[in-house]
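Following: one structure in structure tokens, then a few remarks.
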Amino acid sequence: MVTIGIVGIGLVGSELVSQILKSSYKDVFKVVGLTTSQKMVVSDAQYSSLSIDQKSDLRPAVLASGVQTDLAQFADYLAKSNEHSIIVDCTASEEVANLYPTWLRSGLSVVTPNKKAFSGSLDLFKEIQDLAVNTSQTKKGRSPLIYHETTVGAGLPVLSTLTDFVRTGDEITKIEGIFSGTLSYLFNNFSTLTSTDAAPKPFSETVRVAKDLGYTEPDPRDDLNGMDVARKVKVITVTICGRLAGLELDLSTLPVENIVPEALQSIKSTDEFMAKLPEYDDHFSKLNAEALKENQVLRYVGMVDVHGGQSGVKLAKYPATHPFASLQGSDNIIKFTTKYFPNGVIIQGAGAGAAVTAYGIFTDLLKIQERVEGF
Ligand SMILES: NC(=O)C1=CN([C@@H]2O[C@H](COP(=O)(O)OP(=O)(O)OC[C@H]3O[C@@H](n4cnc5c(N)ncnc54)[C@H](OP(=O)(O)O)[C@@H]3O)[C@@H](O)[C@H]2O)C=CC1
Ligand SMILES: N[C@@H](CC=O)C(=O)O
Ligand code: NA
């Protein structure tokens with residue numbers, strides 16, 4: 001058995017609890033602690049599973065019965081379990097990400113969809129990686145582990161594939177694709193070559209739907225300004241750099257195209273941004289019309305150029321024959337070009353949303369449980 005504490009029970013964290021409780025692993029993964037940013041609950045001294053009513057929302061229940069969130073106390077409680085313990089960070093917080101070294105040092109494994117620890121300084125990534133490999137053995141006779149598959153392409157097996165290329169000595173030259181579920185959904189619906197009688201919905205309305213479907217970051221500007229894709233490009237890059245001696249790619253100058261209209265970039269509240277976005281629908285329709293005139297569609301893409309200097313994220317135009325042009329829904333598409341696969345390996349599928357993200361976190365939990373318990 002493995003004990004689990006979840007920091008952040010918004011869309012993804014709540015869905016994860018629901019998937020665990022509905023699965024055949026509900027007695028293997030004991031959920032013993034939950035937090036919002038304000039309140040937390042932990043179980044008893046015997047680390048029994050929390051009793052969770054699956055019919056009601058988790059967040060209000062924790063807010064009603066919890067005590068003030070104290071992440072040091074939360075981690076301490078988990079670390080004292082006799083079973084191997086995993087802390088799952090389901091926030092988007094940098095402050096929380098900075099705690100991973102402390103958590104790993106106390107023997108806790110970490111699983112997270114939060115990109116912040118892997119898209120900032122390479123030093124933090126290397127410290128985390130080093131701790132996960134070298135920390136002295138803990139419960140069940142092994143070091144703490146860290147998995148973050150869902151930081152790129154949600155549940156799609158992007159980082160596990162990348163790690164396999166690197167570990168086997170294959171040489172990656174380029175990784176390119178559509179890495180944002182939100183931007184994929186927006187442009188797949190807004191910029192299409194298939195003839196429809198109806199004009200596409202206004203851009204702002206499509207952003208609203210993507211937000212309601214749970215694809216966007218808490219503030220959709222984190223998607224539209226290119227930062228979410230830039231973070232994914234950085235996660236991929238540090239994952240390669242962290243594993244290949246001597247490769248240090250400079251990420252400080254990564255070109256990032258921000259498509260948030262300038263006047264809306266510094267507005268403080270997300271609600272105000274959403275309310276003002278319709279004023280810029282004509283601007284996006286014009287961009288779309290320009291692409292259509294050339295028989296092309298708009299797609300927001302990211303590129304990791306391992307040995308050259310072409311890494312970056314931008315809005316680009318593609319003809320109908322290009323695989324990026326025929327993407328559906330919120331699908332991501334990621335193409336790896338390597339020495340062994342010169343024509344590329346393509347991974348494609350839903351890359352955002354609570355269900356697929358929680359699924360990916362669940363697969364990371366299973367990997368840790370298998371490594372810790374040996375089956
Ligand atoms: N949605 C998606 O499709 C995908 C999301 N992700 C990533 O998953 C993560 C979670 O996303 P999502 O569930 O949509 O986000 P939400 O905003 O729905 O939930 C975030 C949760 O984190 C809590 N939280 C925030 N800061 C802290 C803190 N300092 N201490 C403790 N708790 C905190 C919030 O508390 P409170 O309830 O009090 O606000 C909330 O419960 C993000 O990093 C996102 O990038 C990754 C892949 C896909
Ligand atoms: N906002 C992100 C969520 C996953 O990382 C996206 O749209 O891809
Ligand atoms: Na993934």
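What the table shows:
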{"read-out": "Test: Asn82 is at pLDDT below 95 and either within 13 Å of the chain's Cα centre (by Cα) or at negative phi (or both)", "value": "yes"}
{"read-out": "Condition check for Ile368: away from ligand 2 (no atom under 16 Å from the Cβ), on the phi < 0 side of the Ramachandran plot and β-branched (Val, Ile, Thr)", "value": "yes"}
{"read-out": "Which listed residue, of Ser119, Ser184, Ser180, Ser195, is over 30 Å from Glu373 (Cβ atoms), within 12 Å of ligand 2 (Cβ to nearest atom) and at pLDDT below 95", "value": "Ser119"}
{"read-out": "In the stretch 301-324, residue nearest to Phe179 (Cα to Cα) [restricted to those that are at pLDDT 95 or above and more than 21 Å from the chain's Cα centre (by Cα)]", "value": "Ala316"}
{"read-out": "Residues located in the stretch 80-97, provided they are touching a Phe, Trp or Tyr at 6+ places or on another chain (Cβ under 8 Å) and either in a loop (DSSP other than H, G, I, E, B) or free of Cβ contacts under 8 Å to residues at least 24 places away in the same chain (or both)", "value": "Ser81, Asn82, Glu83"}
{"read-out": "Residue list for the stretch 29-79, filter: in a loop (DSSP other than H, G, I, E, B), modelled with pLDDT of 95 or more and under 25 Å from Glu373 (Cα atoms)", "value": "Ser43, Asp44, Ala45, Gln46, Tyr47, Ser48, Ser49, Leu50"}
{"read-out": "Conditions (1) away from ligand 2 (no atom under 13 Å from the Cβ); (2) within 27 Å of Leu11 (Cα to Cα); (3) at pLDDT below 95; number of the one not met by Asp219", "value": "(1)"}
{"read-out": "Pick from the stretch 92-121, criterion buried (at least 24 other Cβ atoms within 10 Å of the Cβ) and β-branched (Val, Ile, Thr), ranking: farthest from ligand 1 (Cβ to nearest atom)", "value": "Val110"}
{"read-out": "Residues (within 11 Å of ligand 3 (Cβ to nearest atom), of a type outside the set (A, V, I, L, M, F, W, C) and in contact with a Ser or Thr (Cβ under 7 Å, 6 or more places away or on another chain)) located in the stretch 343-375", "value": "Gly351, Thr357, Gly360"}
{"read-out": "Pairs where the first residue, in the stretch 163-180, is farther than 18 Å from Gln348 by Cβ and the second is exposed (fewer than 14 other Cβ atoms within 10 Å of the Cβ), C-beta under 6 Å, 6+ apart", "value": "Asp170/Lys339; Asp170/Tyr340; Glu171/Lys339"}
{"read-out": "Residue that is nearest to Val260 (Cα to Cα) [pool: residues in the stretch 149-161 that are out of contact with any helix residue (DSSP H, G or I) (no Cβ under 6 Å at 6 or more places or on another chain) and within 16 Å of ligand 2 (Cβ to nearest atom)]", "value": "Gly153"}
{"read-out": "Single condition Gly329 does not satisfy, out of (1) away from ligand 2 (no atom under 15 Å from the Cβ); (2) more than 19 Å from Ser160 (Cβ to Cβ)", "value": "(1)"}
{"read-out": "Matching option when the condition is under 26 Å from the mean Cα position of the chain (by Cα), assigned by the TED database to the domain that holds Glu262 and of a type in the set (Ser, Thr, Tyr), among Ser330, Ser285", "value": "Ser330"}
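Residue-wise test of (1) farther than 30 Å from Ala45 by Cβ; (2) touching a Ser or Thr at 6+ places or on another chain (Cβ under 9 Å); (3) among the hydrophobic types (A, V, I, L, M, F, W, C).
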position	(1), (2), (3)
Ser81	no, yes, no
Ala97	no, yes, yes
Thr102	no, no, no
Arg105	no, yes, no
Gly120	yes, no, no
Leu131	no, yes, yes
Val166	yes, yes, yes
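The values are calculated or read from the model by the stated rules, or taken from the named source; none is laboratory data. Bear in mind the structure is a predicted one, so any value in this text is a computation, not a measurement. When we count neighbours, we look across all protein chains shown, and the Cβ atoms used for this are built from the backbone with ideal geometry, even at glycine.
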